[in-house]
Amino acid sequence: MNATNRLGTWHEALRMAGLCLLVAGPSCASQIRTGDPALTSQAQPLRLESIEIQTQGQVQALATGASLRVEQDFALKLRIDRPLHLYVVLEHADQRHELLHPAPATVGIPTGVGSLRLPAVGDWFFLPKVLAGDRLCLIASSEPQNNFSCGEPEPPGPPGRGEDQPPPPPAAPKEAKPAPTVSRPPPPDDTGRERGKARWVLPMPLSTP
């Protein structure tokens, strides 16, 4: 594959990932390819390496483009760059949330760094029932969470100008402005989209009725 084709493939994968993160729907999430470096920002502290499924005693990776089904054993293989609090959440269409992970005894305990399997080796997640509109996701955070929504929170908008608000104060008389000073641009880390972020949501490909 030449450089032009590689660049086109990278842009297409990045475009699909952005759409999936905005929609966060099950049909769109099923198109995410686990372990694809083009879909993982270098600033993100974790990466989904693969989704394992167990069928009739045989363990294999979930195929690209496939979705998890009800009554199917599955596990997540992750790569973590710093300690995090992880939550595997089944979000119902009526906004109820079921925590598949962590267990009550381990709530509030962050992970280590490196490779991690959820749940532990020898154990599996299991979905006995899924309804239309349900979503499955992995939430990672720097601090313990009580927000288990599988959607990314929207940034607050500008405050409204209601009639009950006082009018703005009169403008001060103009004064001579000092000569502008040349400021240096911030380092690259200060302008990154992930800077200061403390919560990440990875939608899981889930097949619903």
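Read the figures in this text as sums done on the coordinates, not as results from a lab. These numbers were taken from a predicted model, which means no experiment stands behind them. Don't worry about glycine lacking a Cβ; one is built from the backbone with ideal geometry, like all the others, and counts go over all protein chains shown.
Below are the figures for this structure:
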read-out: Where Rh is the Kirkwood radius over Cα pairs, Rg/Rh for region 50-126; value: 0.97
read-out: Least to most buried among Leu90, Leu116, Leu99 (fewest other Cβ within 10 Å first); value: Leu99, Leu116, Leu90
read-out: For Thr64, Thr106, order by how many other beta-carbon atoms lie within 10 Å, fewest first; value: Thr106, Thr64
read-out: For Val121, Val59, order by how many other beta-carbon atoms lie within 10 Å, fewest first; value: Val121, Val59
read-out: R0 of 35 Å, Cβ-Cβ distance Lys197-Gln58: FRET efficiency to nearest 0.05; value: 0.35
